1. Looking at Ala54, Ala58, which is the one that is in a helix (DSSP H, G or I), over 27 Å from the mean Cα position of the chain (by Cα) and either surrounded by fewer than 17 Cβ atoms within 10 Å (Cβ to Cβ) or not assigned by TED's automatic domain parsing to the domain that holds Arg401 (or both)?
2. Considering only segment 25-51, state which residues are on the phi < 0 side of the Ramachandran plot and assigned to a loop (DSSP other than H, G, I, E, B).
3. How many of the residues in segment 261-284 are among the small types (Gly, Ala, Ser) and not in a helix (DSSP H, G or I)?
4. If Leu425 satisfies all but one of (1) under 23 Å from Gln310 (Cβ atoms); (2) of a type in the set (A, V, I, L, M); (3) at pLDDT 95 or above, what's the number of the condition it fails?
5. For Thr392, state whether it is at pLDDT below 95, polar (S, T, N, Q) and out of contact with any Pro (no Cβ under 9 Å at 6 or more places or on another chain).
6. For segment 349-373, which positions are buried (at least 24 other Cβ atoms within 10 Å of the Cβ) and farther than 13 Å from Ala409 by Cβ?
7. If Thr92 satisfies all but one of (1) touching a Gly at 6+ places or on another chain (Cβ under 9 Å); (2) within 30 Å of Arg152 (Cα to Cα), what's the number of the condition it fails?
8. Of all residues in segment 86-95, how many are outside any loop (DSSP other than H, G, I, E, B) and buried (at least 22 other Cβ atoms within 10 Å of the Cβ)?
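The values are calculated or read from the model by the stated rules, or taken from the named source; none is laboratory data. Quick caveat: nothing in here was measured; it's all calculated off a predicted structure. Methodologically, a virtual Cβ is constructed for each residue, glycine included, from the backbone with ideal geometry; neighbour enumeration extends over all protein chains shown.
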Amino acid sequence: MWHPFADMSAVAGHDFVISSGQGAHVIGADGRRYLDSTAALWYCNVGHGRTEMADAAAAQMNLIASYSSFGDYATQSTLDLADRLAALSGLTDAKVFFTSGGSDAVDTALKMITRYWSLMGEPKRTRIIARERSYHGMHVAGTSLGGIPANREGHGDPDPKVQNVTWDDAEALAAEIDAIGAENVAAFFCEPVIGAGGVYPPPDGYLARVRDICKERGVLLVADEVISGYGRTGSMFASQRWDLQPDLMLTAKGLTSGYLPMGAVLVSGQVAEPFWNTPGLIWRHGYTYSGHATAAAVASVNLDIMEREQLVDRVADLAPVLSAALNPLAAHSHVAAVRTVGLLGAVQLRPDVIKEDPTIGARLVRAAREQGVLTRWLADGGLQVSPPFVITREDLHSMGRAFDEALSAVGSARADSARLQVDLLPDTTTDEAGGFGSSDARLRADVPPHHVA
């Protein structure tokens, strides 16, 4: 097996096999139980081992596994899910275009946007702007769009129609649009919370300013919520938490909690209008598995579980617990910063430490695994944290202790005054940022709370 994002010279013949899972834990082929601190790859929001999801898949397959959604064909499970997502999105007169995953959603949005502007009589609007550190999937267009240079290495020059701007300065976006000419800019792509690029919450006021800049200049705003969507930040969508008001939202991962592959582009009525109301127009785009019936049935049950168990509210309640579990790690000599928002987090190492020992990331991940916690190394040099929403307070603190031991195992010294917080915090605990905490003072921001008590 050729593993994605792997050094095959080291991995080949040494597969770490996962045999089963339950809740926030998985069982390895070695029989050991591990805490899944990343919800696999950011996606298993409702936790592992949900037989209700398997039952939904079997029931749909016993009717019909799937059917093409091209032309006027549809299955009821797909129609029902589309209606539900449109209502959840908060977008005015929303329409839903299904894909096979997040990378497909990005490419779909790119094609939809350029086609939209041509239909609107502005075919020169082909330029796309995104942020440094951003991740927008691994298809050719998304790789060029993303702001992680290592992901483009060896693949030639990025698409010249794409420009990356500083991730934390909204005025850099305004300046770039003005330099290109707003009449040439189609859209700005934005992860409300940067994910694979290092888990960077938006600085205070950034998203509101981005929203206003795009509206003032007539540029479409695309929120890439493949990671942040479906509750990860303590709101159903991060765009709602920060009142981003995007024209399109890109979703996947938590849509099905990874039980089956599926993505969805949630489109405002304004953008959908020329596609829906131009007689004779056929937008020649779609995927074999767009609107897969079984995936749709599983997604609906996934949303049922989230609603029934109030998992979005649970994320909001657990956010300060995650901060309390991770923030003391900032006292380690190797650690540059700790960032958390909702149930997202990163423990970032100092660049000089990584430069001196390029193997430290792999060693740190292995050391955490030896402590019984599964994690992974992020693009900017840190540990990823994005656990299932069903994780307990005790497990969050256990994770913090495991990372503490793992850091020590790779040579990081902990300040004598540092002590991991192990007291369980009451549900009502919030921090000054309305639910996210960070050891990086620049990111401590007065953002809107993600739920109302």
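1. Ala58
2. At the first step, the residues of segment 25-51 found to be on the phi < 0 side of the Ramachandran plot are 25-30, 32-38, 41, 43-46, 48, 50-51.
Those that are on the phi < 0 side of the Ramachandran plot and assigned to a loop (DSSP other than H, G, I, E, B): Ala29, Asp30, Arg32, Ser37, Thr38, Tyr43, Cys44, Asn45, Val46, Arg50.
3. Here the count works out to 4.
4. Tallying (1) under 23 Å from Gln310 (Cβ atoms); (2) of a type in the set (A, V, I, L, M); (3) at pLDDT 95 or above, Leu425 fails exactly one: (3).
5. Details: at pLDDT below 95: no; polar (S, T, N, Q): yes; out of contact with any Pro (no Cβ under 9 Å at 6 or more places or on another chain): yes.
Judged against the criteria, Thr392 is not a match.
6. Within segment 349-373, Leu349 is the sole residue that qualifies.
7. All conditions pass for Thr92, except number (2).
8. 1
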